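J.: Could you have a look at this structure, given as structure tokens, before my questions?
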Amino acid sequence: MSAYRDQHFLSDRNAVERIASVLDIADRQVLEIGPGRGVLTRALLTRGARVIAVELDESLVAFLKLEFSDAIESGSLTLIHGDATRVDIPQFEIVVANLPYSASSKITFRLLDIGFEAAVLMYQKEFADRMLADIGTRDCGRLSVMVQTFARASRCFDLPPGAFSPPPAVYSTVVRIEPRPPLFPVDDRVVYAEVVKILYAGRRKTVRSILKNAGSIFGSDPVATQLSELDPAILSSRPEALYLEDYATISNILSR
């Protein structure tokens with residue numbers, strides 16, 4: 001078992017082939033997070049990718065060094081022992097990974113901050129459903145807003161528990177993510193991320209109520225000053241009822 005206690009390794013060969021074939025990865029620098037026993041790693045290498053594999057579990061790193069000694073020696077595989085949420089990662093173009101459930105959110109946010117061309121990532125189905133939820137609906141949340149602000153995200157396919165060893169208790173979903181500029185200009189990504197985080201931390205309250213208590217974070221009383229030009233309908237709404245344009249408007253005012 002991986003050091004990520006909830007890591008479930010892909011064992012279904014057909015599923016591995018489907019994941020490795022979503023993107024054209026020949027001669028591309030591909031980041032794989034949580035390679036485990038290397039089943040997906042081998043499929044990526046077979047397709048001509050130059051793979052950077054980040055694994056947290058020391059025993060699995062030792063296993064992978066033996067299993068892929070030729071690929072490591074040739075330079076087609078770079079194996080990094082560390083935590084993907086904070087370890088230094090060499091430059092890459094594409095991400096293909098079966099992410100550990102507990103670190104999915106942190107890793108996804110970090111990847112979006114780093115930047116990449118495209119990603120094929122596997123998540124717990126419930127997590128993927130939240131990520132892909134329509135903005136402005138009850139199902140959307142911080143994850144939905146942040147991912148859909150800075151990327152196009154689409155469902156590729158679902159996988160049953162039996163595709164993994166050990167089998168998880170839930171279905172998994174493979175998602176394709178392609179970064180793009182925000183549909184509505186964002187002046188400061190750090191402020192934007194903080195605004196979304198604060199709003200969803202108090203999602204049962206109105207935007208006015210949440211921001212009234214967050215003035216110290218932004219160095220002022222935003223509702224009384226900076227947000228006075230906002231549409232009252234936005235201020236009286238709950239965060240889940242807002243649209244991407246609303247989040248951009250709020251954060252741009254607060255970043256002045």
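The values are calculated or read from the model by the stated rules, or taken from the named source; none is laboratory data. Keep in mind that what you see is a predicted model, and the values were worked out from it rather than measured. Cβ: placed from backbone, ideal geometry, glycine included. Neighbour counts: every protein chain shown. Note: areas computed on protein heavy atoms with side chains; ligands, DNA, RNA excluded. Shrake-Rupley method; radii C 1.70, N 1.55, O 1.52, S 1.80 Å.
J.: If we restrict to alpha carbons, what Rg and Dmax does the range 145-194 come to, in Å?
T.: Just the Cα atoms of the range 145-194 yield Rg and Dmax of 15.8, 45 Å.
J.: How large is the Rg to Rh ratio of the chain when both quantities use alpha carbon positions and Rh follows Kirkwood?
T.: With Rg and the Kirkwood Rh in hand, the quotient comes to 1.04.
J.: What does the accessible area of Asp27 come to, in Å² to the nearest 10, when a probe of 1.4 Å is used?
T.: Surface open to solvent at Asp27 totals about 110 Å².
J.: Using a Gaussian network model of the chain with C-alpha springs under 10 Å, which one of Pro161, Pro100, Pro181 is most mobile by mean-square fluctuation?
T.: Pro181
J.: While we're here: Asp188 versus Val170, label points 7 Å from Cα toward the beta carbon: distance in nm?
T.: Between Asp188 and Val170, the label points sit 3.5 nm apart.
J.: Return a single number: how many Lys pairs in the chain, at a sequence separation of 8 or more or on separate chains, have alpha-carbon atoms below 23 angstrom apart.
T.: Step by step, the pairs that qualify in the chain add up to 5.
J.: How much net charge surrounds His81 when only other residues with a Cβ under 14 Å from its Cβ are counted (Lys, Arg +1; Asp, Glu -1)?
T.: Here the count lands on -4.
J.: With Cβ to Cβ distances under 12 Å as the rule, what net charge do the other residues near Ile25 carry (K, R +1; D, E -1)?
T.: For residues surrounding Ile25, the net value is -2.
J.: Moving on. Can you check what the net charge comes to around Arg204, using other residues whose Cβ is under 10 Å from the Cβ of Arg204 (Lys, Arg +1; Asp, Glu -1)?
T.: Taking every other residue near Arg204 into account, the sum is +2.
J.: Top mean-square fluctuation among Leu60, Leu99, Leu183, Gaussian network model of the chain, C-alpha springs under 10 Å?
T.: Evaluated over the chain, the most mobile residue of the options is Leu183.
J.: Quick check on the range 1-149: what does the Kirkwood estimate of hydrodynamic radius come out to from the alpha carbon pairs, in Å?
T.: 15.7 Å is the Kirkwood radius here.
J.: Can I ask one more? So what is log10(I(q)/I(0)) for the range 131-216 at q = 0.10, 0.13, 0.26 1/Å, when the Debye sum runs over its Cα atoms only?
T.: After summing over all Cα pairs, the log10 values are -0.37, -0.58, -1.28.
J.: I've got another one for you. Rolling a 1.4 Å sphere over the protein heavy atoms, what is the accessible area per residue of the range 66-157, to the nearest Å²?
T.: 46
J.: As a check on your grasp of the helix formula, calculate [θ] at 222 nm for the chain: sum -39500 (n - 2.57) over DSSP H runs of n ≥ 4, divide by the residue count, round to the nearest 500.
T.: After summing the helix terms and dividing by residue count, I get -10500 deg cm²/dmol.
J.: Please give me, ordered by residue number, the trypsin sites (Lys or Arg not before Pro) of the range 47-92 that lie in loop per DSSP and have at most 10 other Cβ atoms within 10 Å.
T.: Passing sites in the range 47-92 are Arg86.
J.: Quote the Stokes-Einstein diffusion coefficient, in whole µm² s⁻¹, for the range 77-139, based on the Kirkwood radius over alpha carbon pairs, a temperature of 20 °C and a viscosity of 1.002 mPa s.
T.: Roughly 163 µm²/s, to the nearest whole number.
J.: Most mobile of Asp188, Asp134, Asp158 per a Gaussian network model of the chain (Cα springs, under 10 Å)?
T.: Looking only at Asp188, Asp134, Asp158, the largest GNM fluctuation is found for Asp188.
J.: Right, another one. Let's test the formula: R0 of 22 Å, r as the Cβ-Cβ distance of Arg152 and Arg238. What FRET efficiency results, to the nearest 0.05?
T.: That gives a FRET efficiency of 0.25.
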